[in-house]
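Notes follow the structure.
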Amino acid sequence: MAEVKKENKVTENKEVTKNVEEAKENYVDERVQKITKEATEAINAVVKVVELLDKENKEEVLEQIEKVLGKLEVLVAKDPTLQAVPVGVRQEVVDFPGTVEDVELAKTEVVALIKKGEVALARDIMLNLASELDIYITALPIGTYPVVIKAIIPLVEEGKFKEAKALIVEALETLIIEKVVIPLPILRAEKTIIKASEMTKENDKANKEELSKLLEYAKEQLLLAQALGYGKIETDYKDLFEEIENIENKLKGEEGTKGIFENLKTKLSSFMSGFNKVKNPTQMPTKKEDNKEDNKDEKKNQ
């Protein structure tokens, strides 16, 4: 990889750092709190069925299946429209330590490596080009489990324990893994602007030098988020940077500081909230021929 250009980064406000860490914990806790006791018990009960199938004791297996179905019915009764119930949460943090210039240099290197056919080396670099909190939610597909559990009853009755186990193990392996991606640069920018808002919401004579430093840091983080590809690069950041420029001009002039960060805070909060949801899987590209066939089919159906 080519040499990375060194650049001085704006120092993060200590209070902002604390607030960012608390926000990261809150994002995870929000998911953990959705894990119900009933869902956890249901999964454990299904695992118990597998263990009893190994012992090939028909009466015990059928008794345990009855317990499982009862627990699943409780979950469905609480919300008949429920398709998946969270049963586990884990988190991972990838936090790119560099600047926007570092990101652009790395992307250039990736393109060069791919052109040379060095895909594995390019992938190693790409995996580091992220600054995010990844929350993985393991969910029980509540809509399909009762059907599978009921389907193994005849097999157990006939003493076909291996076939029954294969069916239920397959169901266990179909647990849904959902992913929520929280971009850390945007989170840092949001918490920084919230701090600036607190200083100016009712104060017309706040310290402009301190406010300028906070704004500069927030801008730096948004530029980094943009370089790393979070959100719609051409449209999502346009209003934010225009609002930042507007505040920069006010801080340079004689205008008071009261309420000058409120619009930016609102826009950032709205932008950030768009990430706090399950991310749809990225679709692999298909051949142009396939797309043409799809278009033909669509025209026929019109």
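The values are calculated or read from the model by the stated rules, or taken from the named source; none is laboratory data. In this text, all values refer to a predicted model and were calculated from it rather than measured experimentally. Heads up, the Cβs are rebuilt from the backbone with ideal geometry, glycines too, and the neighbour counts pull from every protein chain shown. The area values use the complete protein model at the heavy-atom level, side chains included, leaving out ligands, DNA and RNA. Shrake-Rupley method; radii C 1.70, N 1.55, O 1.52, S 1.80 Å.
The table below lists the values:
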item	result
Among the residues listed as LEU224, LEU240, the single one being modelled with pLDDT of 95 or more and in contact with a strand residue (DSSP E or B) (Cβ under 8 Å, 6 or more places away or on another chain)	LEU224
Single unsatisfied condition, LYS191 versus (1) in contact with a Leu (Cβ under 8 Å, 6 or more places away or on another chain); (2) in contact (Cβ under 8 Å) with a residue 40 or more places away in the chain	(1)
Of the criteria (1) open to solvent by 50 Å² or more (accessible area, probe 1.4 Å); (2) free of Cβ contacts under 8 Å to residues at least 12 places away in the same chain, which one GLN83 fails	(2)
Complete set of residues in the range 19-31 that are surrounded by 14 or more Cβ atoms within 10 Å (Cβ to Cβ) and not basic (Lys, Arg)	ASN19, VAL20, ALA23, TYR27, VAL28
Hits in the range 253-288 (condition: more than 30 Å from LYS34 (Cα to Cα), open to solvent by less than 100 Å² (accessible area, probe 1.4 Å) and not in a loop (DSSP other than H, G, I, E, B))	GLU262, ASN263, LEU264
The range 68-77, subset surrounded by fewer than 18 Cβ atoms within 10 Å (Cβ to Cβ) and in contact (Cβ under 8 Å) with a residue 40 or more places away in the chain, residue nearest to VAL278 (Cα to Cα)	VAL76
Single residue of the range 88-105 satisfying the filter (under 17 Å from the mean Cα position of the chain (by Cα) and β-branched (Val, Ile, Thr)) that is farthest from THR36 (Cα to Cα)	VAL94
Unique residue being open to solvent by 70 Å² or more (accessible area, probe 1.4 Å) and touching a helix residue (DSSP H, G or I) at 6+ places or on another chain (Cβ under 8 Å) when the list is VAL93, VAL89, VAL110	VAL93
Residue selected from the range 87-109 under the condition in contact (Cβ under 8 Å) with a residue 60 or more places away in the chain and not in a helix (DSSP H, G or I), by the criterion nearest to LYS162 (Cα to Cα)	VAL87
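To keep it simple, each residue is scored yes or no on (1) surrounded by fewer than 17 Cβ atoms within 10 Å (Cβ to Cβ); (2) part of a helix (DSSP H, G or I); (3) modelled with pLDDT under 85.
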residue	(1), (2), (3)
MET1	yes, no, yes
VAL4	yes, no, yes
GLU7	yes, no, yes
THR17	yes, yes, no
GLU41	yes, yes, no
ALA45	no, yes, no
ASP54	yes, yes, no
GLU66	yes, yes, no
